[in-house]
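For reference, the structure is listed below as structure tokens.
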Amino acid sequence: MTDQSNDLPATPKVRGRLAEIKQGWAESGRFLTGEHRPAGERLPPGQHVVTNWPILDLGTRPNVAPERWQLRVFGLVEEAFTWDWQTMLAQPQTRTVSDIHCVTTWSRYDNQWDGVATSVILAQAKPKPEARFVVLHSYDDYTTNLPLADFASPDALLAHSWEGEPLPVEHGGPIRLVVPHLYFWKSAKWLRRIEFVAEDRRGFWEERGYHDRGDPWAEQRYHDEEG
């Protein structure tokens, strides 16, 4: 499906107490240990392991039925396109197992995901040479930014299933991004649009003091002095 529209999501209208609290954490540098660990170590600094899966959002959980879901890919690409649910399922499917590291200090090991690797998106969209970043847009109007190299990571995928079952709404179903080598706020829930851009553009949490990249092993929770 080819996409011709140019409309963009609005800024999220729902903030809630969680956004205020998390913005305060960024301002105070809460949870920072000052440690750096090599990515070869499984647990990043300042994290603790949980066996449940905590639910974090902006206070809105869009319940998008698969038959109404669409993904638009646009921006600095040779081929802009839109997938519906059946088109998504018709793509080559990938299964991965990876850990979750949330900036709120919990980590969950060995999560099984099924979905479509981001390499499939890249192969169809053909980003232009000047495209260096990706902005993710969600159905709740949340946004977050990624360097193109992180989006293209071999273990990154658009997940529709977790532990062999459809991804629950509270965890971002029907589709969320999974980029396991970054803090999980970068793995946008309820994924709706993928925009390729030349210049970095901060998303919801990045505008509120959180790091532009979010490497857990370098403890990139918040902006440093250089921004």
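Pairs meeting the criteria (first residue in region 53-76 and without any contact (Cβ under 8 Å) to a residue 60 or more places away in the chain and over 25 Å from Ala19 (Cβ atoms), second residue of a type in the set (Lys, Arg) and surrounded by 15 or more Cβ atoms within 10 Å (Cβ to Cβ), beta carbons under 7 Å, at least 6 apart or on different chains) are lacking. Residues of region 110-125 that are open to solvent by 10 Å² or more (accessible area, probe 1.4 Å) and within 20 Å of Gln70 (Cβ to Cβ): Asp114, Ala117, Val120, Leu122, Ala123, Gln124. For region 123-130, check the following and say yes or no: at least one residue is part of a loop (DSSP other than H, G, I, E, B), modelled with pLDDT under 95 and either farther than 21 Å from Ser98 by Cβ or hydrophobic (A, V, I, L, M, F, W, C) (or both). Checked region 123-130: no residue is part of a loop (DSSP other than H, G, I, E, B), modelled with pLDDT under 95 and either farther than 21 Å from Ser98 by Cβ or hydrophobic (A, V, I, L, M, F, W, C) (or both). Pairs linking a residue in region 157-182 that is on the phi > 0 side of the Ramachandran plot to a residue that is of a type in the set (S, T, N, Q) and open to solvent by 40 Å² or more (accessible area, probe 1.4 Å), with Cβ atoms under 6 Å and 6 or more positions apart or on different chains, are Glu163/Gln112.
When Ala123 is tested against the conditions (1) under 23 Å from Asp215 (Cβ atoms); (2) free of Cβ contacts under 8 Å to residues at least 12 places away in the same chain, the lone failure is (1).
Condition check for Trp113 on (1) in contact with a Phe, Trp or Tyr (Cβ under 8 Å, 6 or more places away or on another chain); (2) closer than 24 Å to Gln220 by Cα: one failure, at (2).
Among the residues here, Tyr222 qualifies as of a type in the set (Phe, Trp, Tyr), surrounded by fewer than 23 Cβ atoms within 10 Å (Cβ to Cβ) and closer than 23 Å to Gln47 by Cα. Taking the criterion of being in a strand (DSSP E or B), surrounded by fewer than 19 Cβ atoms within 10 Å (Cβ to Cβ) and over 19 Å from the mean Cα position of the chain (by Cα), the residues of region 59-109 that qualify are Phe81, Asp84.
Scan region 189-201 for residues that are surrounded by fewer than 18 Cβ atoms within 10 Å (Cβ to Cβ) and assigned to a loop (DSSP other than H, G, I, E, B) and the total you get is 4.
Here is the figure for region 136-188: residues that are within 22 Å of Lys126 (Cα to Cα), part of a loop (DSSP other than H, G, I, E, B) and open to solvent by less than 30 Å² (accessible area, probe 1.4 Å) total 6. Pairs are defined by a Cβ separation below 6 Å, a sequence spacing of at least 6 or placement on different chains, a first member in region 84-103 that is under 20 Å from Gln47 (Cβ atoms) and charged (D, E, K, R), and a second member that is modelled with pLDDT of 95 or more and open to solvent by 40 Å² or more (accessible area, probe 1.4 Å); the pairs so defined are Asp99/Tyr109.
Every residue, every condition in (1) within 20 Å of Tyr139 (Cβ to Cβ); (2) at pLDDT below 80, yes or no:
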{"residue": "Ser5", "(1), (2)": "yes, yes"}
{"residue": "Thr11", "(1), (2)": "yes, yes"}
{"residue": "Gly16", "(1), (2)": "yes, yes"}
{"residue": "Gln23", "(1), (2)": "no, yes"}
{"residue": "Ala26", "(1), (2)": "no, yes"}
{"residue": "Leu32", "(1), (2)": "no, no"}
{"residue": "Pro38", "(1), (2)": "no, yes"}
{"residue": "Arg42", "(1), (2)": "no, no"}
{"residue": "Pro45", "(1), (2)": "no, no"}
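The values are calculated or read from the model by the stated rules, or taken from the named source; none is laboratory data. None of the values given here were measured: they were computed from a predicted structure. All Cβ positions, even for glycine, are placed from backbone atoms using ideal geometry, and neighbour counts span all protein chains on display. Heavy atoms of the whole protein, side chains included, go into the accessibility calculation; ligands, DNA and RNA do not. Shrake-Rupley method; radii C 1.70, N 1.55, O 1.52, S 1.80 Å.
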